[in-house]
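Accompanying notes for the structure given below.
Throughout, read-outs are computed from the coordinates displayed, never taken from laboratory work. None of these values were measured; they are calculated from a predicted model. Cβ sites come from the backbone with ideal geometry, for glycine too, and all protein chains shown count toward neighbours.
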Amino acid sequence: MVRLTRVTPVSDVLAPATRLVTVEWDAADALPFDLVLQRSRDDAPSSAEARICAVALGNVAFCDHGLSLPPVSLDLTPAQAEALRPALSPPSPPDDQPWRPTLDGGPIARVLAPPIDARDAAAWLDRDAREAVPALALEDPFAPWHPRTDLLRSDRFDRHFVLETGLSGELQLRFGDGINGLAPDPGHAFAPRGRVGGGARGNIGPGTLTHIALPETLAGMNITVTNPLAATGGREPEAPEDIRINVPRAYRTQERAVTEADYAAAACTHPAVANARARARWTGAWQTIAITLDLAGGRSLDAELKSDIAAHLERVRLIGFDIVLRAARMAPLRLDLHVCAAPGFVRGEVARQVRAALRPAGTHGRAGFFHPDNFSFGEPLYISRLIAFLMALEGVASVEVTRLHRTDRASQGELAQGVLVPGELEILQLNDDPSFPEEGRIGIDMGGGDV
């Protein structure tokens, strides 16, 4: 599943009447395999009767398992709907003691807030269940109250509460004390509004959904619904024995960064970061942590991604410390090869195969030797490893490295040493893009084989 980031209308000069669009999605939604669109049938008289192997389905919407209470679309009378509303006991805050009411009305679903600003569908699916909050709201005569996982970040005006579950399954609400969260006023009546359900029973199989309840404004429209994929994400509550084991472990979880290694490890937990290095610097007024990032897939560190990673690190940053993010320094290479093609192989085809296998994009669905994820900070390039890789290619009889050095400096004896070592915060780069020769170049001299 992907989330489209751009849709561009295009035209085909050979079929101008055909309406076409080019669609793009985020790199995080990239397919982990080559998708076969169609395959020729051995018994087909023409290519027009090829077997279709893939289809694209649009109008995808997320849904969750549960029932909203009080219901709003079951043709119930107001009295019947009110009878199904979850109830608080006691129903209103007392005058002389904290109000810790219990909630009756069924198991309240725990849901994850949708990442509205996310550009990729993967962000909707790969979520931490510990961030789930109850699907419950309270309505008083003035404004609604909303659930939180804790009240530590709530100020004295925030209408927040925490729903706690006892070992026997009872649900109890905890409100603020006027400092962390607003304290409810005595005598006010609260009307709960929530959603029951959730859990593993919501993980239905594909094709299970067949009916949709439409609002009156869409009544009469021919709208069908189905789920082409099986549902995922539904989990059962932790068993009491699991809680007893996991709670002590939770307090040992590192939730702050103190040392340079802590900041680097915290940066690596971001999905866009493959590796990181951190260095502490005194700037004259405060400490600054300079974090150098090796981004997955060779992604560039644009302003949007930098802001996202900075927000990700904010939860572990110590007070009085600044964080500066910067991309890794690249060490572009110049590589010349003498390749001898095996008998029966065309030199030009072998050279094309060698060049494609070395470039980051690779060939036949496999990443190239110089793909950004194959090298990280200070990781050396051994000539023996390069030769072994090339010798495994079909049609290659022998390989000799005739030139190897960085493009920004003269040779430092890398050929004689058999290895090229970048700096501690540098990453080797060889894109072999004629439009950007400063990103590394490959030269291939062919011999042997057939002309």
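Annotation: amide H-H contacts under 5 Å for ILE204 (H modelled 1.01 Å from N, sequence separation of 5 or more, or interchain): ALA231.
Per residue, how much space in cubic angstrom lies within the convex hull of the C-alpha atoms of segment 67-201?
Numbers: hull volume 20.7 nm³, N = 135.
That works out to 153 Å³ per residue.
Sort ASP336, ASP117 by Cβ crowding within 10 Å, fewest neighbours at the top.
On the way: ASP336 15, ASP117 8.
Fewest to most other Cβ atoms nearby, the residues stand as ASP117, ASP336.
In order along segment 103-110, the phi-based Karplus estimate (6.51 cos²θ - 1.76 cosθ + 1.60, θ = phi - 60°) of 3J(HN,Hα) comes to 10, 10, x, x, x, 6, 5, 10 Hz; Gly and Pro are listed as x. Amide hydrogen proximity for ALA341: with H placed 1.01 Å from N in the peptide plane, the residues at 5 or more positions away or on another chain lying under 5 Å are ALA397, GLY447, GLY448, GLY449. The gain in end-to-end length when the HIS312 to ARG51 segment is fully stretched comes to 89.4 nm, 0.36 nm per residue minus the alpha carbon separation. Given in Å, the Rg to one decimal and the Dmax to the nearest whole number for the Cα atoms of segment 330-450 are 13.9, 45.
Loop-resident chymotrypsin sites (Phe, Trp or Tyr not before Pro) (DSSP state other than H, G, I, E or B) in segment 138-220 with no more than 10 further Cβ atoms inside 10 Å of their Cβ: PHE142, PHE157. For the pair PHE321 and GLU236, a Förster radius of 35 Å applied to the C-beta separation gives a FRET efficiency near 0.30, rounded to the nearest 0.05. Around the amide H of VAL419, modelled in the peptide plane, lie the amide H atoms of ILE383, all under 5 Å away and 5 or more residues distant in sequence or on another chain. The trypsin sites (Lys or Arg not before Pro) of segment 247-325 that meet both conditions, a loop assignment by DSSP and at most 13 other Cβ atoms within 10 Å of the site Cβ, are ARG252, ARG256, ARG315.
Taking only the C-alpha atoms of segment 182-300, Rg followed by Dmax gives 24.8, 70 Å.
All other residues with a Cβ under 11 Å from the Cβ of ASP336 taken together, and with Lys, Arg as +1 and Asp, Glu as -1, what is their net charge?
Values: positive: ARG334, ARG403, ARG441; negative: GLU400, ASP445.
Around ASP336, the surrounding residues sum to +1.
Per residue, how big is the convex hull around the C-alpha atoms of the chain? Give it to me in cubic angstrom, could you?
Working: hull volume 120.7 nm³, N = 451.
Looking at the chain, the number lands at 268 Å³ per residue.
The order of TYR382, TYR263, TYR251, going from fewest to most other C-beta atoms within 10 Å of their C-beta, is TYR251, TYR382, TYR263.
Pulled fully out, how much extra length does the chain show between GLU255 and GLU349, if you take 0.36 nm times their separation in residues and subtract their Cα-Cα distance? It would help to have the intermediate numbers written out before the result.
On the way: separation 94, 0.36 × 94 = 33.84 nm, distance 5.43 nm.
Extra length available between GLU255 and GLU349 comes to 28.4 nm.
Rg over Rh for segment 180-227 works out to 1.23, both radii taken from alpha-carbon positions and Rh defined as the Kirkwood radius.
Please give the FRET efficiency for SER92 paired with TYR382, using the beta carbon to beta carbon distance and R0 = 60 Å, rounded to the nearest 0.05.
Details: r = 74 Å, r/R0 = 1.23.
Result of the calculation: an efficiency of 0.20.
Among LEU218, LEU295, sorting on how many other beta-carbon atoms sit within 10 Å of each Cβ, with the fewest leading, yields LEU218, LEU295.
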